[in-house]
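To keep things clear, I will list the structure first and then write my remarks on it.
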Amino acid sequence: WAVVDAHLHNRPFGGPPVPFNEMMDRQRRAGVLFTTLYGIGQRLPVDSNCTYYLDCPGTPVKPSLKNDFWNAQSVLDNQADSTPLITLSMSFFDLDHPETILPNMKLLQTEFPGMFHWAGEINLVKQALWKNSAGKPVPIESIPKWQDFMAELRRQDIPIAIHSDLGDEVDGTKFLPLMDAVLSTYPDNKIIWVHMAGISKQLTPHLAAATRVSLLQRVKVPVTIEDHVAMISERLEKYPKLMIDLSWDILYDELYESDAERQLYVELINKFPDRFLSGSDHVASEEKTENAYRREINKTSAIYKNLSDVAFRNIALGQNYFSLTGLDFTAPQVCNATPVMLEQESLRAPPPSEGAEVKPSASFPSSRQENQEMVSTDDFSAVEALPAIADFRRGSRSCFDRSVTDNWAVVDAHLHNRPFGGPPVPFNEMMDRQRRAGVLFTTLYGIGQRLPVDSNCTYYLDCPGTPVKPSLKNDFWNAQSVLDNQADSTPLITLSMSFFDLDHPETILPNMKLLQTEFPGMFHWAGEINLVKQALWKNSAGKPVPIESIPKWQDFMAELRRQDIPIAIHSDLGDEVDGTKFLPLMDAVLSTYPDNKIIWVHMAGISKQLTPHLAAATRVSLLQRVKVPVTIEDHVAMISERLEKYPKLMIDLSWDILYDELYESDAERQLYVELINKFPDRFLSGSDHVASEEKTENAYRREINKTSAIYKNLSDVAFRNIALGQNYFSLTGLDFTAPQVCNATPVMLEQESLRAPPPSEGAEVKPSASFPSSRQENQEMVSTDDFSAVEALPAIADFRRGSRSCFDRSVTDNWAVVDAH
């Protein structure tokens, strides 16, 4: 088997992939040490259930940047792993629109500098895609129009892998003129002709002898193996930079299975031992097993055992690959004695056996103390009964009893699902953390400013002097993560575009169009966008946007209005010298765009660079007042004035700094409580959690606990609008209604489950508590329509494999959880 897989599609045409680390493990266990990760240049629509285009004729596929973004970010998130060593390929090229290729190359290489060193697989003609409105032959007259991007590939010494079918069963070399035109026009480019130079399911060469050829019969033979081998040989002689890729298990089925047919290709490869590359053409869709990958490796490697030692070393051991890519490796020589690999890593590991015993995961013990006070603790092991999505459906008669809960919000409208740098908490784990914390609705922000890809930092404040820059990376990642995991029901996700660069407003509308073309109908929010953020100044970012540039936002702000998309803006209010130093900036935005839905985050500009104080607490004299940057009274009055003046302005209550600076003191908190109660329909809940890999579930809960601390002091109207989400539903247009607040015993008619605590590390796992009842024990069957009293019921999670929940029949009415008819 080859140690190089130079042709692996790490994501499928549609649907979720094999998880990145698992696919790398599969390669590692198969002995693959070097790999080229292709995307899929043609993606099925985001609303399609298909994973493979041939299963869905009539469903169009289109070129896409999605997979290239995903592959690059996956490499960054997992770059500590040593093998296989990865070469990233750009797969988005649309040869029908060559003018788009160079700009998108620049975009991709700006987002991921120094990471892409290959291009492909690019379709010149691919008959298999014709039923999906793609893959038609590129017009031969358009090939000279590739000059710009082909020159850039030459400049960067990047090879380009081209899929160009040779022909069909009627005319075996029907499309050969296309490839010849590419080769003759660009003889100085490194070009890889994939799949043994154009073999496809639409063309199966045969030996001439096997066809019993007469002149009449020869006309009916599309192409013989002898012709195919001669055609390849001629072009390898003529074009010294041409390489042939031996990927796709179809080669075994059509060419290698017969000894006689295979022998001609063996002779060809031995004649040109430095012109061929190994590869699998595996497409890593979620449903494919490790053995499926191994079968493909086994088939594509079948010819290698017949090769000369020189050809074997160059192809299977990778010398051609190293020469092509410039990787600083040398393939070991083939020896005639007992094989000894001096630095052999391991025996090729078998794949994990299917059906092996799966040990149950730790269960989650229950329940948080009622009426929990805000405390400095990591112990969130006790939780109360919480509402479910069903309680928010229109027509639900559920009510929420605040007296027995900790009043945490069910909406986290400000969650950064990826960090400034480094890997995130895995997507499903972060959603599980929200779910277990009782969060039912969430807005997923990216991080508009990313640290460099070669930085080891995850947080900008830890690396002063390291520049951060606006980026599309996280928006692509979040959207693709939602697609890959869209079956999960809660929390319900609103996606936010976070890439906006207000220093270059002319770039925003084109990048909005790009993102919404790649992920149509998926983004309904914009933010967090920096107008001024002092915390970033040491990282060459966050400086105040010039006030005179704000009118230049007209185009993208008009598009946000047209799509009814709110924009969340980070605009620091001031600093410890001048507490309202930057207020004119936000006022300019509000006055210029009064018809836009604008969210001023972090309680309207609170930051670590500004801590308001009560006027009374400062013992203010005229001289001292000059030294006070802003009082809480001033801050509250400033917010109130703008809420009155700008009806579409909302204020975001995210960031645990609000607790530390404003809520911890009862007297300070009370002024904000009065403000929120005065404008109960103008505030939004959120955590501002940044989901970097090292953060624990308890870290998220501490932030939720702190940002929710003020909610227990709010009026019922304000609590329902903010913590239970009515403001969020009104802002986003989501078809939900927050339940009313009830004063009676808590009754959630469609209650799903108890809020689950996070898994405790290293703790003994005990069975979870049984489900208590608020209905009379051993209730008799009675003739009544009064079903207002119900017990807390089990949730889907209690039925997952590995759950240790138990059901106490003695305190329930023993109703079935299954209605099978």
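The values are calculated or read from the model by the stated rules, or taken from the named source; none is laboratory data. These figures come from a predicted structure and were not determined experimentally. Neighbour counts run over all protein chains shown; Cβ positions are idealised from the backbone, glycine included. Keep in mind that these areas ignore ligands, DNA and RNA; they rest on the heavy atoms of the full protein, side chains included. Shrake-Rupley method; radii C 1.70, N 1.55, O 1.52, S 1.80 Å.
Close amide-amide hydrogen proximity is noted between residue 599 and 567, 568, 569, 650, each under 5 Å apart and 5 or more residues distant or on a separate chain (H modeled in the peptide plane; Pro and chain starts excluded). Modelled spin-label separation between residue 79 and residue 614, with each label point placed 7 Å from Cα along the Cα-to-Cβ direction: 5.0 nm. Give the shape of region 449-491 as rounded, prolate or oblate, defined through the alpha-carbon gyration tensor: a ≥ b ≥ c are the square roots of its eigenvalues, a/c under 1.5 means rounded, and otherwise the shape is prolate if a/b is larger than b/c and oblate if not. Prolate, since a/c reaches 1.5 and a/b exceeds b/c.
In the context of the full set of protein chains, region 627-682 has a per residue accessible area of 41 Å² (1.4 Å probe).
Ranked by the mean number of other Cβ atoms within 10 Å of their residues, highest first, the peptides 56-64, 165-173 come out as 165-173, 56-64. Between residue 575 and residue 52, the FRET efficiency from the beta-carbon distance, with R0 = 41 Å, is close to 0.15. Taking a ≥ b ≥ c as the square roots of the Cα gyration tensor eigenvalues, region 525-662 comes out prolate, since a/c reaches at least 1.5 and a/b is larger than b/c.
Taking a ≥ b ≥ c as the square roots of the eigenvalues of the Cα gyration tensor, an a/c ratio of 1.5 or more together with a/b no larger than b/c marks region 644-698 as oblate. Taking Cα centre as origin and charging only the Cβ of basic (Lys, Arg, +1) and acidic (Asp, Glu, -1) residues, the dipole magnitude of region 477-549 rounds to 220 debye. With Cα atoms defining each centre, region 680-711 and region 470-517 are spaced 21 Å apart in the structure. Modelled spin labels at residue 549 and residue 819, positioned 7 Å past Cα toward Cβ, are 5.8 nm from each other.
Sorting 148-157, 269-278 by average packing, meaning the other beta carbons within 10 Å per residue, from highest down gives 269-278, 148-157. Evaluated with a Cβ-only charge set (Lys, Arg +1; Asp, Glu -1), region 34-153 carries a dipole of roughly 300 debye about its Cα centre, given to the nearest 20.
Positive end of the dipole of region 662-701 (Cβ unit charges, origin at the Cα centre): among 690, 667, 680, the Cα lying farthest that way belongs to 680.
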